[in-house]
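Below is one structure, written out as C-alpha cells, with a few remarks after it.
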Amino acid sequence: MDVTLHIGAHRCATTTFQTYMRKNADKLAEDGTGFWGPWRTRKGLFRDIVPGPSQALGRNLQRRAYGRVQINLDRSTQRGVKRLIVSDENMLGSIRHNVRHLRLYGGAGEWTSRYGEAFKGYVTDVVLNVRSLDHYWASALGYAASRGRGIPDDATLELVAKTRRSWRDVIEDVACALPNARLKVLPFENFVGSPDRQLRAMTGQSAPQTHRDLWKNASPRLPELRELLPSDVSALLPTGDARWNPFTPAQAAHLRETYADDLMWLTAGADGLAQLIQEPDKKPVGRTLPRTELQRGRPNDQDRRLAGAG
C-alpha cells in the first residue's frame, strides 16, 4: 500500500479537500483508494505522535502512538486498500504557533519527521499546498482574530512582512525530514475550488466529479469578522465587505515578491527536493523537448530530387 501524506498548509483549502474526500469515500474505495482525514486522525489516532506536556506515567506514549498508526495501516492493507491519502494540516505544525511566533511553520522539520516515523515503511509521497504569503498571513491573522486573539498592531504586521522565512524554508525542512518520499508542491492559486484536480495531481488517477463544488472554512469577510469581534476591536477594521487585508501596499508587495521567488526556485527544480505541480492534466516536460516533426514536409520533398547512382 502506498501512503500519501497531505500535510497542508492551513488556510489553503485543506478543509474543502477533506470534505470532498470524505463525501466520496465509498466511490474512491471501489478503485482501492482509502482516506484518513481529521475526523479520524484527531480522535485519538495521532495523539502523542508529537510529544507535549503530559503526566509522567512511566510509559512511552510516543512509541504507543507509532504502534497505533501501524496497526491501522495493517488493517487498511488487509481490506485491500492500494493507496491511502492521509490529510491533516496539523502534521505540518500549528497555525496558532505561526501567529504567536510570527514565523512560518518553524517546527516543520521536527513535526513531519515524527509523522514520518509513525508511518515508517509506507510513505511514498508528501503533498504540500502553498499560497501567496500576503494572502496566507492575512487569512491566518483573520482566523486568529476571529478566535479572540485581536487585531495585530502596525509593529506586528511589519515583522510579518519582513520575515525571512518563506515556503522554500518549509519545503527544505520537510524534504530533510522525509528524504525518501516524493515531495509535491501544489499552489493554492491553481487548485482552489478544484479538489478533484488536486486529487488527480496527488495520485495520477481519475477523480470523482461529485461534491467538488464545495467551499469550506473560508476566511471571514469583513462583515462576518465584525460580528465575531467585540465592538471596540471591530471598530479598528476598515469599512467595506471585502476580505480583510491588514498589510500596507508596500508590505503586501514585499510578501508577494518573496512568494514569487519561491515559485521561481520551485520551477527551476527546487534543488531536486520537490516537484511543483501547476497543471495536473499536463505532463511535465523532461530534459529534452518532445520532437513533433520527424519527417520532412510534402513541399520539401516535391522540389528536391536525389541523385541516382552511376
Could you list, in sequence order, all residues of region 167-200 that are among the aliphatic types (A, V, I, L, M) and modelled with pLDDT under 95? Val192
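Please state which one of Ala155, Ala207, Ala218 is assigned to a helix (DSSP H, G or I) and aliphatic (A, V, I, L, M). Don't jump to the end; show me each part of the working.
Working: Ala207 fails: assigned to a helix (DSSP H, G or I); Ala218 fails: assigned to a helix (DSSP H, G or I).
Result of the check over Ala155, Ala207, Ala218: Ala155.
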Going through region 221-244 in order, the residues found to be part of a loop (DSSP other than H, G, I, E, B), closer than 22 Å to Ala161 by Cβ and open to solvent by 90 Å² or more (accessible area, probe 1.4 Å) are Leu236
Checked region 166-204 for anything assigned to a loop (DSSP other than H, G, I, E, B) and either open to solvent by 30 Å² or more (accessible area, probe 1.4 Å) or touching a Cys at 6+ places or on another chain (Cβ under 7 Å) (or both); matches are Pro179, Asn180, Val192, Gly193, Gly204
Note on region 137-162: residues out of contact with any Lys or Arg (no Cβ under 6 Å at 6 or more places or on another chain) and open to solvent by less than 20 Å² (accessible area, probe 1.4 Å) are Trp137, Ala138, Leu141, Gly142, Ala144, Ala145, Leu157, Val160, Ala161
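For Gly116, are the conditions met, namely being small (Gly, Ala, Ser) and either in contact with a Pro (Cβ under 7 Å, 6 or more places away or on another chain) or assigned to a loop (DSSP other than H, G, I, E, B) (or both)?
no
Looking at Ser206, Ser194, Ser234 in this structure, which one is hydroxyl-bearing (Ser, Thr, Tyr) and within 19 Å of the chain's Cα centre (by Cα)? Explain how you work it out, then say what you get.
Numbers: Ser206 fails: within 19 Å of the chain's Cα centre (by Cα); Ser234 fails: within 19 Å of the chain's Cα centre (by Cα).
Criteria check complete, one pass: Ser194.
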Name the pairs: first residue in region 114-140 and of a type in the set (S, T, N, Q), second residue in a loop (DSSP other than H, G, I, E, B) and open to solvent by less than 10 Å² (accessible area, probe 1.4 Å), Cβ to Cβ under 9 Å, at least 6 apart or on different chains? Asn129/Ile7; Asn129/Gly8; Asn129/Ala9; Asn129/Cys12; Ser139/Cys12
So, first residue in contact (Cβ under 8 Å) with a residue 60 or more places away in the chain in region 10-26, second residue hydroxyl-bearing (Ser, Thr, Tyr) and in a helix (DSSP H, G or I), Cβ within less than 9 Å, six or more apart or across chains; the pairs are His10/Tyr136; His10/Ser139; His10/Tyr143; Arg11/Tyr136; Arg11/Ser139; Arg11/Tyr143; Cys12/Tyr136; Cys12/Ser139
Would a scan of region 243-251 turn up a residue that is touching a residue at least 12 places away in the same chain (Cβ under 8 Å) and closer than 30 Å to Glu30 by Cβ? no
For region 63-113, give me each residue that is hydroxyl-bearing (Ser, Thr, Tyr), surrounded by fewer than 21 Cβ atoms within 10 Å (Cβ to Cβ) and not in a helix (DSSP H, G or I). Ser94
Failed item, numbered, when Phe247 is tested on (1) open to solvent by less than 20 Å² (accessible area, probe 1.4 Å); (2) in a loop (DSSP other than H, G, I, E, B); (3) within 30 Å of Thr19 (Cα to Cα): (3)
Would it be correct to say that Val50 is outside any helix (DSSP H, G or I) and under 22 Å from the mean Cα position of the chain (by Cα)? yes
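Residue by residue, here is whether (1) out of contact with any Asp or Glu (no Cβ under 9 Å at 6 or more places or on another chain); (2) closer than 21 Å to Ala181 by Cβ; (3) modelled with pLDDT under 95; (4) open to solvent by 20 Å² or more (accessible area, probe 1.4 Å) holds:
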site	(1), (2), (3), (4)
Thr4	no, yes, no, no
Gly8	no, yes, yes, no
Gln18	no, yes, no, no
Met21	yes, yes, no, no
Thr41	no, yes, no, no
Arg47	yes, no, yes, yes
Ser54	no, no, yes, yes
Leu61	no, no, yes, yes
Which residue is farthest from Val233 (Cα to Cα), if the candidates are limited to region 120-149 and must be among the hydrophobic types (A, V, I, L, M, F, W, C) and in a strand (DSSP E or B)? Val123
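The values are calculated or read from the model by the stated rules, or taken from the named source; none is laboratory data. Predicted, not measured: the structure shown is a model, and the values here were computed from it. In this analysis, Cβ positions are derived from the backbone assuming ideal geometry, glycine residues included, and neighbour counts consider all displayed protein chains. Note: accessible area is taken over every heavy atom of the protein model, side chains too, but ligands, DNA and RNA are not part of it. Shrake-Rupley method; radii C 1.70, N 1.55, O 1.52, S 1.80 Å.
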